[in-house]
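All remarks here apply to the structure that follows.
No lab work stands behind these numbers, since they all come straight from the coordinates. Given the structure is predicted, the values throughout are model-derived calculations rather than measurements.
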Amino acid sequence: MIYGDGEDEFAGFNFCRFTIRIENDDESPDTRGQLKIIQEKLDSLHQASKPSSTDEYSQATVKSLLETLTKEHSTNLEKMNKVVDNSATVCNKTTKKVNKLISDATTFMNNFQTSFELNTTKATKQYLILAPLLKLKGKNFKKFIVALKIMLLKVVDYLVGNI
């Protein structure tokens with residue numbers, strides 16, 4: 001009895017079920033009997049997983065299998081090495097070609113820059129010489145252009161009339 005009230009001795013009584021384990025009792029949980037059953041099942045599984053005498057491979061068979069695998073692996077490695085070597089050769093040739101193209105482009109750009117600077121200098125000198133002359137002759141130049149247009153129109157009329 002646990003903590004009964006004063007009136008009824010059994011009203012506050014709580015019952016908790018528990019078991020007493022006896023080592024000789026094969027029916028109780030976690031006993032030797034159950035452990036023995038589990039051990040027998042494990043032993044039978046272990047025996048079933050072992051290869052039988054007919055399934056066992058001879059040492060010669062295993063050695064032959066390993067030699068075959070090793071040869072195939074070596075052959076594949078040799079093929080891959082050849083592919084890598086060929087790829088490296090192609091990359092080296094391509095790199096040389098690209099380097100030559102870059103060198104040629106650099107030379108061209110240097111020559112272009114030099115020519116540009118020389119031509120700019122020459123054009124600037126010519127402009128400085130011609131600019132004052134064109135300003136002085138601006139009015140006369142405009143008259144010349146008008147006369148040239150009139151003359152060209154007459155030539156076109158003449159050619160159209162003779163066709």
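Structure above, values below:
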item: Length added when fully stretched, Glu40-Lys97, from 0.36 nm per residue minus Cα-Cα; result: 12.9 nm
item: Segment Lys122-Leu69, length gained on full extension (0.36 nm per residue, minus Cα span); result: 11.2 nm
